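The values are calculated or read from the model by the stated rules, or taken from the named source; none is laboratory data. What you see is a predicted model; the values in this text were computed from it and never measured. A quick note on method: Cβ atoms are made from the backbone with ideal geometry, for glycine too, and the neighbour counts reach across all protein chains shown.
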Amino acid sequence: MHDPFTWKNCHADVVSAGYGAIALSFLNEVIEPSLDTLSAQLDRWKNSEDPIAPFYVDDIEELNRAMIMAFCLSIQSLWERQIREYLVGCARELKLDSDLIKKAMKGNWKNLDGIFHELRGISLTEFEPYQELDLLCQLGNVCRHGDGPSALSLWEKHSDLWPKRNQFSPFLPEEMNLEEEQPPPAKEIVITRNLLGSFVHAIVSFWNETEYIYLESISDKHPSVVKKLSELRRERALRKVEK
């Protein structure tokens, strides 16, 4: 992103200031506690001498997998709802044609970039967390639909999400390897808790960036805004150095 970038501020920018906190709260207060509870149950049964313990372990592991996929889908839904609400708010305030408002309301991830660029003068791809948000949307679609075109696209770009298949496929006879157009079953995808966390932090990072642009776009900056911008510039510079 070229710096400093500015746009015409909208009330939608003010409303979106809380979006990152909502996503983070969902991670810290819903996702993490739920997975912690399941993890504790799994550990208890793994360490149990009860003869039926292995059956409980299998059931809990399957439940954990299903829960993580559900949370991934929930995070994607939260993100897409936030970005659409933001774009609709901007379109209404900027008094653009009603067709664009309708597109923003119904837009999916594939066409939201063009709508965002038309409204804000910058592409979503220029935002630092774009790659993670793009993966979130691809993976969320697979969690929703299972096997199909979305799973095929995900397999072609992120086969690392099928670690077991990647682990053994080099040792399979060539004629047994799956053809490119036939990805492994979607149920074999492994979504880690760390990956869920990275998705949420990507959402937080995106809305932090829009807040930064909002502050830069204020023509008559209050001293508190100047101070906040100075802090944000230092943080952004530090992230670039760390990379």
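Checking each residue of the stretch 91-104 against the condition of being at pLDDT below 85, under 23 Å from Q138 (Cα atoms) and not basic (K, R) gives at least one match.
Considering I52, I31, which residue is more than 20 Å from E211 (Cα to Cα) and modelled with pLDDT under 90?
Values: I31 fails: modelled with pLDDT under 90.
Step by step, each of I52, I31 is checked, and only I52 is more than 20 Å from E211 (Cα to Cα) and modelled with pLDDT under 90.
Checking E235, E216 one by one, the residue that is surrounded by fewer than 18 Cβ atoms within 10 Å (Cβ to Cβ), over 19 Å from the mean Cα position of the chain (by Cα) and among the acidic types (D, E) is E235 and no other. Residue by residue through the stretch 99-129, note down the ones that are under 30 Å from V190 (Cβ atoms), without any contact (Cβ under 8 Å) to a residue 60 or more places away in the chain and either charged (D, E, K, R) or not in a loop (DSSP other than H, G, I, E, B) (or both). Once the filter is applied, which keeps residues that are under 30 Å from V190 (Cβ atoms), without any contact (Cβ under 8 Å) to a residue 60 or more places away in the chain and either charged (D, E, K, R) or not in a loop (DSSP other than H, G, I, E, B) (or both), the stretch 99-129 yields W109, K110, N111, L112, D113, L124, T125. For the stretch 188-235, the tally of residues that are free of Cβ contacts under 8 Å to residues at least 60 places away in the same chain, of a type in the set (K, R) and in a helix (DSSP H, G or I) stands at 4. Per the conditions (1) assigned to a helix (DSSP H, G or I); (2) over 19 Å from the mean Cα position of the chain (by Cα); (3) loosely packed, with under 15 Cβ neighbours inside 10 Å, the sole criterion not satisfied by V57 is (3). Of all residues in the stretch 154-187, those satisfying the criterion of being modelled with pLDDT of 90 or more and in a helix (DSSP H, G or I) are L154, W155, E156, K157, S159, D160, L161. Comparison of L73, L35, L96, L133 shows that the only residue that is farther than 21 Å from Y19 by Cα and assigned to a helix (DSSP H, G or I) is L35.
Residue pairs whose Cβ atoms lie under 6 Å apart, sitting 6 or more positions apart in sequence or on different chains, and linking a residue in the stretch 27-42 that is free of Cβ contacts under 8 Å to residues at least 40 places away in the same chain to a partner that is surrounded by 13 or more Cβ atoms within 10 Å (Cβ to Cβ), are L38/N64; Q41/I60; L42/I60.
Results for (1) polar (S, T, N, Q); (2) under 19 Å from T125 (Cβ atoms), shown as yes or no for each residue.
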site	(1), (2)
I191	no, no
N194	yes, no
G197	no, no
V204	no, yes
E216	no, no
K221	no, no
S224	yes, no
S230	yes, no
A237	no, no
